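None of the figures in this text is laboratory data; all of them are computed from the coordinates on show. These figures come from a predicted structure and were not determined experimentally. Glycine gets a Cβ as well: all are built from the backbone with ideal geometry, and neighbour counts include every protein chain shown.
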Amino acid sequence: MAILDILQYPDPRLRTKAQPVDIVDEQIRTLIDDMYETMYSAPGIGLAASQVDVHKRIIVIDVSENRDEPHAFINPELQLDGEPMETEEGCLSLPGIYEPVTRFDRVRVESIDRNGRPATLEAEGTLAVCIQHECDHLEGKLFVDYLSSLKRMRIRKKLQKQQRIQA
Ligand code: NI
């Protein structure tokens, strides 16, 4: 397994729309394993392939406290349900930034699993929010897009400052 580089906002590659996976082969399974390792080591609760510059419709998630409930979704299709719920969101592509975002508190996901079989999951709460956040990445959308443009500009400046210090 390998730890992959995570694209950092405002990298324009984060805006790429991901393409569906046609065949779930060894290459895809290796990518999923690498995405898990990258997510766990970051550490984060979710990662979309878009964030590691692979523009395929794959996301991985683990919102459990013990980091032992991994979920991988290939070609996920969402059906949003339930009530609006506001939570503080963060993203591995925007380290150190946390802002409130409102999403649905329930979601039904139809996807393909790592063995190429169709799978359905009904999720609520944090898992439901995380699935919506990661699926947005596949459309080239980031959680800061839900904020005001003024707030987004401030975040951009803060991150550019951080990146300069690191460089
Ligand atoms: Ni994210």
Among THR120, ILE131, VAL54, flag the residue with its Cα farthest along the positive direction of the charge dipole of the chain, charges on Cβ as +1 for Lys/Arg and -1 for Asp/Glu. VAL54
Please find, in a Gaussian network model of the chain (springs between Cα atoms separated by less than 10 Å), the residue of ARG67, ARG13, ARG57 whose mean-square fluctuation is greatest. ARG67
Given the options ILE23, ILE131, ILE32, state which has the largest fluctuation in a GNM of the chain using a 10 Å cut-off (strictly under) for Cα springs. ILE23
Can you give me the pair-distance distribution of region 12-119, C-alpha pairs, 5 Å bins, whole percents? 2, 11, 19, 23, 24, 15, 5, 1
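Starting from the Kirkwood radius over alpha-carbon pairs of region 67-167, derive D by Stokes-Einstein at 20 °C in a medium of 1.002 mPa s and give it in µm² s⁻¹.
On the way: Rh = 15.1 Å.
Translational D for this selection: 142 µm²/s.
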What does the net charge come to around VAL101 if you take all other residues with beta carbon closer than 14 Å to its beta carbon, with K and R at +1 and D and E at -1? -4
Using Cβ contacts closer than 10 Å as the measure, can you line up PHE104, PHE143 from fewest to most? PHE104, PHE143
The exposure ranking of GLU139, GLU86, GLU65, fewest beta-carbon neighbours within 10 Å first, is GLU65, GLU86, GLU139
Which residue, HIS133, HIS71, HIS55, has the most motion in a Gaussian network model of the chain that connects Cα atoms within less than 10 Å? HIS71
